[in-house]
Amino acid sequence: MINFTLKQLRYFEVLARHCHFGHAAAACAISQPALSVQIKELEQELGAVLFERGARQVRLTLFGEEFALRTREILRSIDELGDLARASRDRLVGRLRIGVIPTIAPYLLPRIITGLARTHAGLDIHVRETMTHKLIQELADGRIDTAIVALPVSEPSLTEVALFTENFVLARPLGDEGKPVPDRDALREMKLLLLEEGHCFRDQALSFCNIQTSRQREGLDASSLATLVQMVSAGIGVTLIPEMAVDVETRSAPVSVTRFKDPQPARIIGMIWRKTNPLATELTKIADVVRRSTAPSRQYKAQKAG
(Lines give C-alpha, C1' and ligand atoms only; values in the text may rest on other atoms or scores of the structure.)
Protein backbone atom coordinates (compact mmCIF):
# COMPACT_ATOMS: atom_id res chain seq x y z
CA MET A 1 0.00 0.00 0.00
CA ILE A 2 1.30 3.45 -0.92
CA ASN A 3 1.70 5.50 2.25
CA PHE A 4 2.51 9.22 2.14
CA THR A 5 1.59 12.15 4.38
CA LEU A 6 -0.59 15.19 3.94
CA LYS A 7 2.45 17.32 4.78
CA GLN A 8 4.33 15.77 1.86
CA LEU A 9 1.45 16.58 -0.49
CA ARG A 10 1.44 20.20 0.65
CA TYR A 11 5.22 20.45 0.19
CA PHE A 12 4.91 18.88 -3.25
CA GLU A 13 2.16 21.34 -4.28
CA VAL A 14 4.26 24.34 -3.24
CA LEU A 15 7.32 23.04 -5.11
CA ALA A 16 5.16 22.34 -8.17
CA ARG A 17 4.08 26.00 -8.14
CA HIS A 18 7.50 27.54 -7.57
CA CYS A 19 9.64 25.04 -9.55
CA HIS A 20 12.52 26.06 -7.31
CA PHE A 21 13.61 24.30 -4.10
CA GLY A 22 14.87 27.46 -2.43
CA HIS A 23 11.71 29.48 -3.11
CA ALA A 24 9.45 26.59 -2.17
CA ALA A 25 11.36 25.93 1.06
CA ALA A 26 10.99 29.59 2.03
CA ALA A 27 7.24 29.44 1.30
CA CYS A 28 6.95 26.32 3.47
CA ALA A 29 9.09 27.85 6.25
CA ILE A 30 11.48 24.88 6.26
CA SER A 31 15.08 24.38 5.13
CA GLN A 32 15.87 23.44 1.56
CA PRO A 33 17.49 20.11 2.55
CA ALA A 34 14.40 19.22 4.64
CA LEU A 35 12.14 19.92 1.69
CA SER A 36 14.35 17.88 -0.62
CA VAL A 37 14.18 14.92 1.78
CA GLN A 38 10.37 15.09 1.95
CA ILE A 39 10.01 15.19 -1.84
CA LYS A 40 12.50 12.33 -2.28
CA GLU A 41 10.60 10.21 0.25
CA LEU A 42 7.33 10.96 -1.56
CA GLU A 43 8.86 9.87 -4.90
CA GLN A 44 10.20 6.69 -3.31
CA GLU A 45 6.80 5.90 -1.83
CA LEU A 46 5.13 6.46 -5.22
CA GLY A 47 7.83 4.61 -7.12
CA ALA A 48 7.96 7.39 -9.71
CA VAL A 49 9.89 10.60 -10.32
CA LEU A 50 7.86 13.78 -9.87
CA PHE A 51 10.47 16.39 -10.86
CA GLU A 52 13.29 16.76 -13.34
CA ARG A 53 16.10 18.39 -11.35
CA GLY A 54 18.07 21.17 -13.02
CA ALA A 55 20.94 23.33 -11.83
CA ARG A 56 18.71 26.30 -10.96
CA GLN A 57 15.16 25.04 -11.07
CA VAL A 58 13.06 21.91 -11.28
CA ARG A 59 10.39 20.87 -13.72
CA LEU A 60 7.43 18.52 -13.32
CA THR A 61 7.61 15.23 -15.19
CA LEU A 62 4.56 14.10 -17.14
CA PHE A 63 3.56 11.98 -14.16
CA GLY A 64 4.29 14.93 -11.89
CA GLU A 65 1.92 17.16 -13.85
CA GLU A 66 -0.92 14.67 -13.49
CA PHE A 67 -0.06 14.11 -9.83
CA ALA A 68 -0.13 17.89 -9.25
CA LEU A 69 -3.65 18.17 -10.65
CA ARG A 70 -4.92 15.38 -8.38
CA THR A 71 -3.00 16.77 -5.39
CA ARG A 72 -4.60 20.21 -5.74
CA GLU A 73 -8.04 18.60 -5.83
CA ILE A 74 -7.26 16.62 -2.68
CA LEU A 75 -5.86 19.61 -0.79
CA ARG A 76 -8.80 21.77 -1.83
CA SER A 77 -11.22 19.12 -0.57
CA ILE A 78 -9.36 18.86 2.72
CA ASP A 79 -9.44 22.63 3.17
CA GLU A 80 -13.16 22.62 2.42
CA LEU A 81 -13.68 20.06 5.19
CA GLY A 82 -12.24 22.61 7.57
CA ASP A 83 -14.44 25.30 6.05
CA LEU A 84 -17.45 23.03 6.50
CA ALA A 85 -16.72 22.81 10.20
CA ARG A 86 -16.30 26.58 10.42
CA ALA A 87 -19.58 27.11 8.57
CA SER A 88 -21.40 25.05 11.21
CA ARG A 89 -20.56 27.57 13.92
CA ASP A 90 -22.72 30.54 14.84
CA ARG A 91 -20.27 33.05 13.39
CA LEU A 92 -17.21 33.01 11.13
CA VAL A 93 -13.92 32.91 13.03
CA GLY A 94 -10.36 31.93 12.19
CA ARG A 95 -8.37 32.57 9.03
CA LEU A 96 -9.95 34.39 6.11
CA ARG A 97 -7.76 34.66 3.01
CA ILE A 98 -8.80 37.61 0.85
CA GLY A 99 -7.33 38.41 -2.56
CA VAL A 100 -7.45 41.98 -3.88
CA ILE A 101 -6.35 43.45 -7.20
CA PRO A 102 -3.67 46.22 -7.09
CA THR A 103 -6.02 48.97 -8.33
CA ILE A 104 -8.23 48.43 -5.27
CA ALA A 105 -5.99 47.22 -2.44
CA PRO A 106 -4.20 50.47 -1.43
CA TYR A 107 -7.40 52.50 -1.41
CA LEU A 108 -10.04 50.29 0.20
CA LEU A 109 -8.20 47.74 2.34
CA PRO A 110 -7.92 49.95 5.45
CA ARG A 111 -11.69 50.47 5.54
CA ILE A 112 -12.43 46.84 4.67
CA ILE A 113 -10.21 45.46 7.43
CA THR A 114 -11.55 47.98 9.95
CA GLY A 115 -15.12 47.07 9.03
CA LEU A 116 -14.47 43.33 9.32
CA ALA A 117 -12.67 43.78 12.63
CA ARG A 118 -15.75 45.56 13.97
CA THR A 119 -18.28 42.94 12.81
CA HIS A 120 -16.16 39.75 12.91
CA ALA A 121 -13.73 40.12 15.80
CA GLY A 122 -12.61 36.49 15.56
CA LEU A 123 -11.29 36.72 12.01
CA ASP A 124 -7.60 36.37 11.23
CA ILE A 125 -7.42 38.20 7.90
CA HIS A 126 -4.71 37.32 5.40
CA VAL A 127 -4.46 39.57 2.33
CA ARG A 128 -3.08 38.58 -1.06
CA GLU A 129 -2.59 41.38 -3.61
CA THR A 130 -2.12 40.37 -7.24
CA MET A 131 -3.77 40.53 -10.64
CA THR A 132 -7.17 39.03 -11.43
CA HIS A 133 -6.06 36.00 -13.44
CA LYS A 134 -3.76 34.89 -10.61
CA LEU A 135 -6.49 35.37 -8.00
CA ILE A 136 -8.88 33.25 -10.06
CA GLN A 137 -6.30 30.46 -10.22
CA GLU A 138 -5.63 30.71 -6.49
CA LEU A 139 -9.34 30.52 -5.77
CA ALA A 140 -9.57 27.40 -7.93
CA ASP A 141 -6.61 25.87 -6.08
CA GLY A 142 -8.10 26.73 -2.68
CA ARG A 143 -5.22 29.02 -1.72
CA ILE A 144 -7.57 31.94 -1.01
CA ASP A 145 -11.19 32.03 0.16
CA THR A 146 -12.49 35.06 -1.71
CA ALA A 147 -11.28 37.95 -3.87
CA ILE A 148 -12.26 41.55 -4.53
CA VAL A 149 -11.96 42.26 -8.25
CA ALA A 150 -13.55 44.06 -11.17
CA LEU A 151 -16.54 42.16 -12.56
CA PRO A 152 -17.39 40.20 -14.54
CA VAL A 153 -14.83 37.42 -14.40
CA SER A 154 -17.18 34.98 -16.18
CA GLU A 155 -15.89 31.80 -14.54
CA PRO A 156 -18.66 29.18 -14.25
CA SER A 157 -17.15 27.76 -11.05
CA LEU A 158 -17.24 31.10 -9.22
CA THR A 159 -19.98 33.09 -7.53
CA GLU A 160 -19.93 36.82 -8.35
CA VAL A 161 -21.47 39.42 -6.02
CA ALA A 162 -21.46 43.06 -7.14
CA LEU A 163 -20.49 45.59 -4.45
CA PHE A 164 -20.59 48.96 -6.20
CA THR A 165 -19.97 50.77 -9.48
CA GLU A 166 -17.07 53.18 -9.78
CA ASN A 167 -16.32 55.77 -12.47
CA PHE A 168 -12.97 56.48 -14.07
CA VAL A 169 -11.64 60.04 -14.20
CA LEU A 170 -9.09 61.75 -16.42
CA ALA A 171 -5.79 62.83 -14.90
CA ARG A 172 -3.98 65.59 -16.86
CA PRO A 173 -1.04 67.91 -16.15
CA LEU A 174 -2.01 70.95 -14.09
CA GLY A 175 -1.44 73.12 -17.14
CA ASP A 176 -4.47 71.48 -18.79
CA GLU A 177 -6.80 72.58 -16.00
CA GLY A 178 -9.96 74.08 -17.49
CA LYS A 179 -9.39 72.78 -21.01
CA PRO A 180 -12.25 70.90 -22.72
CA VAL A 181 -12.50 67.28 -21.66
CA PRO A 182 -11.38 65.04 -24.55
CA ASP A 183 -13.76 62.39 -25.80
CA ARG A 184 -12.61 58.87 -26.58
CA ASP A 185 -11.68 59.80 -30.16
CA ALA A 186 -9.44 62.60 -28.92
CA LEU A 187 -7.89 60.34 -26.26
CA ARG A 188 -6.74 57.93 -28.95
CA GLU A 189 -4.58 60.68 -30.41
CA MET A 190 -3.07 61.71 -27.07
CA LYS A 191 -0.15 60.20 -25.19
CA LEU A 192 -2.26 57.92 -23.02
CA LEU A 193 -0.41 56.30 -20.14
CA LEU A 194 -1.70 52.91 -18.98
CA LEU A 195 -0.89 50.08 -16.60
CA GLU A 196 1.20 47.25 -18.01
CA GLU A 197 -0.39 44.17 -19.55
CA GLY A 198 -2.13 41.82 -17.15
CA HIS A 199 -4.04 44.50 -15.26
CA CYS A 200 -7.79 44.42 -15.93
CA PHE A 201 -7.91 48.21 -15.46
CA ARG A 202 -5.67 48.56 -18.51
CA ASP A 203 -8.10 46.52 -20.59
CA GLN A 204 -11.04 48.60 -19.36
CA ALA A 205 -9.29 51.86 -20.27
CA LEU A 206 -8.35 50.56 -23.71
CA SER A 207 -11.94 49.44 -24.26
CA PHE A 208 -13.30 52.89 -23.37
CA CYS A 209 -10.86 54.57 -25.76
CA ASN A 210 -11.49 51.89 -28.41
CA ILE A 211 -7.76 51.27 -28.75
CA GLN A 212 -6.61 47.94 -30.15
CA THR A 213 -4.27 46.06 -27.80
CA SER A 214 -1.95 45.27 -30.71
CA ARG A 215 -1.12 48.96 -31.12
CA GLN A 216 2.51 49.72 -30.27
CA ARG A 217 2.83 51.54 -26.93
CA GLU A 218 6.52 51.34 -25.96
CA GLY A 219 7.43 53.43 -22.93
CA LEU A 220 3.83 54.35 -22.05
CA ASP A 221 3.01 51.62 -19.52
CA ALA A 222 3.54 51.49 -15.74
CA SER A 223 3.23 48.89 -13.00
CA SER A 224 1.12 50.99 -10.61
CA LEU A 225 -1.39 53.84 -10.56
CA ALA A 226 1.04 55.81 -8.41
CA THR A 227 3.63 55.73 -11.20
CA LEU A 228 1.04 56.71 -13.79
CA VAL A 229 -0.02 59.80 -11.84
CA GLN A 230 3.61 60.79 -11.22
CA MET A 231 4.26 60.55 -14.97
CA VAL A 232 1.22 62.75 -15.66
CA SER A 233 2.42 65.27 -13.08
CA ALA A 234 5.76 65.39 -14.90
CA GLY A 235 3.95 66.29 -18.14
CA ILE A 236 4.61 63.00 -19.93
CA GLY A 237 0.98 62.35 -20.88
CA VAL A 238 -2.53 61.76 -19.55
CA THR A 239 -4.17 58.75 -17.93
CA LEU A 240 -7.41 57.31 -16.61
CA ILE A 241 -7.61 56.37 -12.93
CA PRO A 242 -10.43 54.97 -10.77
CA GLU A 243 -12.12 57.50 -8.51
CA MET A 244 -11.07 55.65 -5.36
CA ALA A 245 -7.41 56.36 -6.19
CA VAL A 246 -7.76 60.13 -6.58
CA ASP A 247 -7.25 61.29 -3.00
CA VAL A 248 -4.27 59.01 -2.34
CA GLU A 249 -2.40 59.39 -5.62
CA THR A 250 -2.75 63.16 -6.03
CA ARG A 251 -1.28 64.04 -2.61
CA SER A 252 2.29 63.92 -3.87
CA ALA A 253 1.65 64.39 -7.59
CA PRO A 254 -0.35 67.54 -8.43
CA VAL A 255 -2.50 66.90 -11.49
CA SER A 256 -5.80 68.08 -12.91
CA VAL A 257 -8.56 65.52 -12.27
CA THR A 258 -11.67 65.79 -14.43
CA ARG A 259 -14.79 63.72 -14.94
CA PHE A 260 -15.81 62.63 -18.41
CA LYS A 261 -19.14 63.52 -19.96
CA ASP A 262 -21.91 60.95 -19.63
CA PRO A 263 -21.88 58.08 -20.20
CA GLN A 264 -18.77 57.96 -18.04
CA PRO A 265 -16.37 55.01 -18.18
CA ALA A 266 -16.84 52.80 -15.13
CA ARG A 267 -16.19 49.42 -13.60
CA ILE A 268 -18.15 47.15 -11.30
CA ILE A 269 -16.31 46.12 -8.14
CA GLY A 270 -17.36 42.82 -6.61
CA MET A 271 -16.41 39.75 -4.62
CA ILE A 272 -15.93 36.25 -5.99
CA TRP A 273 -15.57 32.82 -4.40
CA ARG A 274 -15.89 29.17 -5.35
CA LYS A 275 -19.48 27.97 -5.65
CA THR A 276 -18.47 24.83 -3.74
CA ASN A 277 -17.08 26.77 -0.78
CA PRO A 278 -18.96 25.72 2.38
CA LEU A 279 -18.49 29.29 3.67
CA ALA A 280 -20.63 30.73 0.86
CA THR A 281 -23.36 31.97 3.23
CA GLU A 282 -20.81 33.64 5.51
CA LEU A 283 -18.97 35.12 2.53
CA THR A 284 -22.23 36.73 1.40
CA LYS A 285 -22.41 38.41 4.81
CA ILE A 286 -18.77 39.45 4.45
CA ALA A 287 -19.62 41.05 1.10
CA ASP A 288 -22.33 43.13 2.81
CA VAL A 289 -19.78 44.32 5.38
CA VAL A 290 -17.31 45.22 2.64
CA ARG A 291 -20.00 47.14 0.76
CA ARG A 292 -20.96 49.17 3.84
CA SER A 293 -17.33 49.71 4.88
CA THR A 294 -16.25 51.15 1.54
CA ALA A 295 -19.23 53.45 0.95
CA PRO A 296 -17.80 56.53 2.78
CA SER A 297 -14.50 56.26 0.87
CA ARG A 298 -16.13 56.38 -2.55
CA GLN A 299 -16.90 60.12 -2.49
CA TYR A 300 -14.26 62.03 -4.43
CA LYS A 301 -13.82 65.50 -5.83
CA ALA A 302 -13.21 66.00 -9.52
CA GLN A 303 -13.89 68.84 -11.94
CA LYS A 304 -17.18 68.21 -13.72
CA ALA A 305 -17.00 67.84 -17.47
CA GLY A 306 -18.37 70.84 -19.27
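The values are calculated or read from the model by the stated rules, or taken from the named source; none is laboratory data. Worth saying up front: this structure is predicted, and the values here are computed from it rather than measured. Counting neighbours? That spans all protein chains shown, and the Cβs are built from the backbone with ideal geometry, glycine included.
What's the total number of residues in the range 173-187 that are more than 19 Å from Ala266 (Cβ to Cβ) and surrounded by 14 or more Cβ atoms within 10 Å (Cβ to Cβ)?
Total meeting the criteria: 2.
Please go through the range 178-205 and pick out each residue that is within 17 Å of Ser224 (Cα to Cα), assigned to a helix (DSSP H, G or I) and in contact (Cβ under 8 Å) with a residue 24 or more places away in the chain.
Within the range 178-205, Cys200, Phe201, Gln204, Ala205 meet the criteria.
Among the residues of the range 84-94, is any of a type outside the set (Phe, Trp, Tyr), loosely packed, with under 15 Cβ neighbours inside 10 Å and in contact with a strand residue (DSSP E or B) (Cβ under 7 Å, 6 or more places away or on another chain)?
Within the range 84-94, one or more residues are of a type outside the set (Phe, Trp, Tyr), loosely packed, with under 15 Cβ neighbours inside 10 Å and in contact with a strand residue (DSSP E or B) (Cβ under 7 Å, 6 or more places away or on another chain).
Just give me the residues in the range 233-271 being farther than 29 Å from Pro152 by Cα and not charged (D, E, K, R), in sequence order.
Hits for the range 233-271 are Ser233, Ala234, Gly235, Ile236, Gly237, Ser252, Ala253, Pro254, Val255, Ser256.
Within the range 71-97, which residues are closer than 14 Å to Lys285 by Cβ and at pLDDT 85 or above?
Passing the criteria: only Leu96.
Considering each of Glu80, Glu45 in turn, give the residue that is among the acidic types (Asp, Glu), farther than 30 Å from Thr250 by Cα and free of Cβ contacts under 8 Å to residues at least 60 places away in the same chain.
Exactly one of Glu80, Glu45 is among the acidic types (Asp, Glu), farther than 30 Å from Thr250 by Cα and free of Cβ contacts under 8 Å to residues at least 60 places away in the same chain, namely Glu45.
With the requirement that a residue be closer than 22 Å to Arg17 by Cα and surrounded by 18 or more Cβ atoms within 10 Å (Cβ to Cβ), what does the range 142-157 give you?
The answer is Gly142, Arg143, Ile144, Asp145, Thr146, Ala147.
When Glu41 is evaluated against the numbered criteria (1) out of contact with any His (no Cβ under 6 Å at 6 or more places or on another chain); (2) crowded, with 18+ Cβ neighbours inside 10 Å, which criterion, by number, is the only one it fails?
(2)
Can you name the residue in the range 283-305 that is at pLDDT 90 or above and of a type in the set (D, E, K, R) and is also farthest from Asp183 (Cα to Cα) among such residues?
Lys285
When you go through (1) among the acidic types (Asp, Glu); (2) assigned to a loop (DSSP other than H, G, I, E, B); (3) more than 21 Å from Met131 (Cα to Cα); (4) within 25 Å of the chain's Cα centre (by Cα) one by one for Asp247, which number turns out not to apply?
Failing condition for Asp247: (2).
Would you check which residues across the range 13-32 are over 21 Å from Ala55 (Cβ atoms) and either among the aromatic types (Phe, Trp, Tyr) or touching a residue at least 24 places away in the same chain (Cβ under 8 Å) (or both) and list them?
Glu13
Would you mind stating whether Glu129 is free of Cβ contacts under 8 Å to residues at least 40 places away in the same chain, not assigned by TED's automatic domain parsing to the domain that holds Lys275 and not basic (Lys, Arg)?
The answer is no for Glu129.
Specify the residue that is farthest from Ala186 (Cα to Cα); the eligible residues are those in the range 250-280 that are among the small types (Gly, Ala, Ser) and in a loop (DSSP other than H, G, I, E, B).
Among them, the one singled out is Ser252.
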